[in-house]
Amino acid sequence: MTGVRVPRQLPTEPPGWTVAADVVVVGSGIAGLTAALEARKAGRVLLVTKTRLADSATAWAQGGIAAALHPEDSPEQHLRDTLVAGVGLCDETSVRTLVTEGPRRVRELAELGTEFELADDGSIALTREGGHGRDRIAHSGGDATGKEISRALLEALHAVRADPDIEVYEHALVTDVLTDASGRACGVGLHVLGQGRRDGVGAALGRAVVLATGGLGQVYASTTNPPVSTGDGVALALRAGAEVADLEFVQFHPTVMWLGRSAKGQQPLISEAVRGEGAVLRDVEGRRFMLGRHELAELAPRDVVARGVVTAMAETAAEHVWLDARHLGASFLEERFPTIVRRCRSFDIDPATELVPVAPAQHYASGGVRTDLHGRTSVPGLYACGETSCTGVHGANRLASNSLLEGLVWGHRIAAHLTETLVDSRPGDPVDRGCEALLDAETRPFVQSAMTAGAGVLRSESSLVTLAARLATLADGGTAGRTPEPDSWETSNLYAVAVTLSRHAAMREETRGGHWREDFPERDDDRWRGHIVSAVDTDGVLTTTYEPMKEPS
């Protein structure tokens, strides 16, 4: 499929300053912080983050981090659960890498200072979430696991801030991955928002670039993602010529607090762990609608529960369903889920005595920038990890609490690979790629509403054709009258993500995992057991192809 154009770079002022490092890491969540801390073994590191170091999606993670830590559990069981959740599209080698290396990496987090909750015997306490056959979710502060992991990693970073081999730039938006004449990544262009020693547009040159920019949730009108999650990594990689895969598989969390039709942007998440502790879902008429839909009922994989919620809403002509945690009691809820309880009560809802209105909202992108086992993309010198990447671990649907683990494991793997290979990296000077274009920042709500209507939980040929037509009205490819500034750069990134995701969703004529086609309601392994991959050529044309998976030998 061809025809859609994506700019090869964004217009900016000429760089007014230059800084150099061996490795440039973009993003300060679990993946970026891990990669940056470990990559110091490979050479000098520059860590760039769009706002403050603590403002990542990691800090919002409520549920926990999954790993086979219990003596009765095993990586093999974790692998099986992950493969089931991924609905036939996981790369088994990648999953085996995740579950085998995961327990060691989680224990290293504890040694670093992460205060996981402990069992009576002093071991890490474990709970269960949807899709897991064992208790294997480590958590902190009840429902503040991501915040605690982020704290520990940031303290480790602050402990080495005096080290000349690591430097941090906050409030720095990366505008593009820079490439040399051979197409190799050689740094990033960035705009520092008046903070620190430098401001304005500059260039950070490096022998390797690691994208760990998080998710793309802000491409939708409602999401659990923080405001910084504007799909920057996917858009940066596309403009640099890298492949992105499986972008159609968007996970919509089934239990996001419903705050009314007018609620937009980041919405309050009610962690799956609440259902793991016994909360149940009821339709507006009081019926437990997940019973009989799946053997695990409310603890089925998220795509199954999200479909159950949407179906129940349609059957009752309601805009939400109810999450019922009343039987768990106030003392238990306040101890196990203090953040969630406080958040609910801030909206005058007490989950200990009242039903909580919930509905699905965008939560996680299972696809992203395509990488190998070392985090390498199809562009030499460019790496990706965390939610912005597609390592093959998640397939069509991420298993609950595998996201933090993936960022942790691949952050380490990238750093280890750089330590072994960076000495041989010799990129050239950055070159102009041409094909500039920019969207007006005021078009962002249009993109978000179009994506929500056309490629939300439910999709069809009709909705996707309408979506493509709406997005095409923005594709004039020009920059006249548009001011290069952070909001317009972010909006242009969202547009690149939107046109690519919509292309993937239109091509895949089946229902699988996070991709639900009303007009193709069944899984179709004969035609669609494979990956949809997109890349932008040197003329800025988005090319999308289907690659069947190889059958096991």
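The values are calculated or read from the model by the stated rules, or taken from the named source; none is laboratory data. Remember, it's a predicted structure, so these values are computed and weren't measured experimentally. Because the Cβ atoms are built from the backbone with ideal geometry, glycine has one as well, and the counts that use them run over all protein chains shown.
Assorted remarks:
- When T479, T473 are screened for being at pLDDT below 95 and touching a Leu at 6+ places or on another chain (Cβ under 8 Å), only T479 passes.
- Residue count for region 112-167, restricted to those that are part of a loop (DSSP other than H, G, I, E, B), surrounded by 18 or more Cβ atoms within 10 Å (Cβ to Cβ), in contact with a strand residue (DSSP E or B) (Cβ under 8 Å, 6 or more places away or on another chain) and at pLDDT below 90: 2
- Single residue of region 265-282 satisfying the filter (assigned to a strand (DSSP E or B) and within 22 Å of the chain's Cα centre (by Cα)) that is nearest to R444 (Cα to Cα): G265
- Top-ranked residue of region 500-523 - restricted to ones that are in contact with a strand residue (DSSP E or B) (Cβ under 8 Å, 6 or more places away or on another chain) and among the charged types (D, E, K, R), ranked as nearest to G88 (Cα to Cα): R523
- Residue list for region 337-387, filter: assigned to a loop (DSSP other than H, G, I, E, B), over 30 Å from G141 (Cβ atoms) and not aliphatic (A, V, I, L, M): G367, T371, D372, H374, T377, S378, P380, G381
- When G292 is tested against (1) among the small types (G, A, S); (2) surrounded by 16 or more Cβ atoms within 10 Å (Cβ to Cβ); (3) without any contact (Cβ under 8 Å) to a residue 40 or more places away in the chain, exactly one condition is not met: (2).
- Counted residues, region 388-440 - those being under 14 Å from the mean Cα position of the chain (by Cα) and assigned to a loop (DSSP other than H, G, I, E, B): 11
- Hits in region 194-221 - residues which are out of contact with any helix residue (DSSP H, G or I) (no Cβ under 7 Å at 6 or more places or on another chain), surrounded by fewer than 24 Cβ atoms within 10 Å (Cβ to Cβ) and assigned to a loop (DSSP other than H, G, I, E, B): G194, Q195, G196, R197, R198, D199
- Selection within region 259-272: residues that are among the hydrophobic types (A, V, I, L, M, F, W, C) and surrounded by fewer than 24 Cβ atoms within 10 Å (Cβ to Cβ). The member of this set that is nearest to R508 (Cα to Cα) is A263.
- From R444, R459, residue being in contact (Cβ under 8 Å) with a residue 40 or more places away in the chain, closer than 24 Å to A263 by Cβ, in contact with a strand residue (DSSP E or B) (Cβ under 6 Å, 6 or more places away or on another chain) and not hydrophobic (A, V, I, L, M, F, W, C): R459
- Looking only at region 286-299, and only at residues there that are closer than 22 Å to C344 by Cβ and modelled with pLDDT of 95 or more, the one that is nearest to the chain's Cα centre (by Cα): M290
- Subset of region 62-110 (residues that are under 20 Å from H363 (Cβ atoms) and either part of a loop (DSSP other than H, G, I, E, B) or polar (S, T, N, Q) (or both)): Q62, G63, G64, T82, G86, V87, L89, C90
- Hey, L238 over 25 Å from S150 (Cβ atoms) and not in a helix (DSSP H, G or I) or not: no
- Candidates R302, R343, R336, R307: the one that is modelled with pLDDT under 95, buried (at least 24 other Cβ atoms within 10 Å of the Cβ) and not assigned by TED's automatic domain parsing to the domain that holds V533 is R302.
- Flag not set for R52, criterion: assigned to a helix (DSSP H, G or I) and either of a type outside the set (V, I, T) or under 21 Å from the mean Cα position of the chain (by Cα) (or both).
- Checklist (1) crowded, with 22+ Cβ neighbours inside 10 Å; (2) closer than 29 Å to L542 by Cα; (3) out of contact with any Cys (no Cβ under 6 Å at 6 or more places or on another chain) applied to L46, failing item: (2)
- Those residues of region 511-539 which are surrounded by 20 or more Cβ atoms within 10 Å (Cβ to Cβ) and part of a loop (DSSP other than H, G, I, E, B), in sequence order: T511, G513, G514, W516
- Residue match in region 483-493 (condition: touching a residue at least 60 places away in the same chain (Cβ under 8 Å), buried (at least 24 other Cβ atoms within 10 Å of the Cβ) and touching a Pro at 6+ places or on another chain (Cβ under 8 Å)): yes
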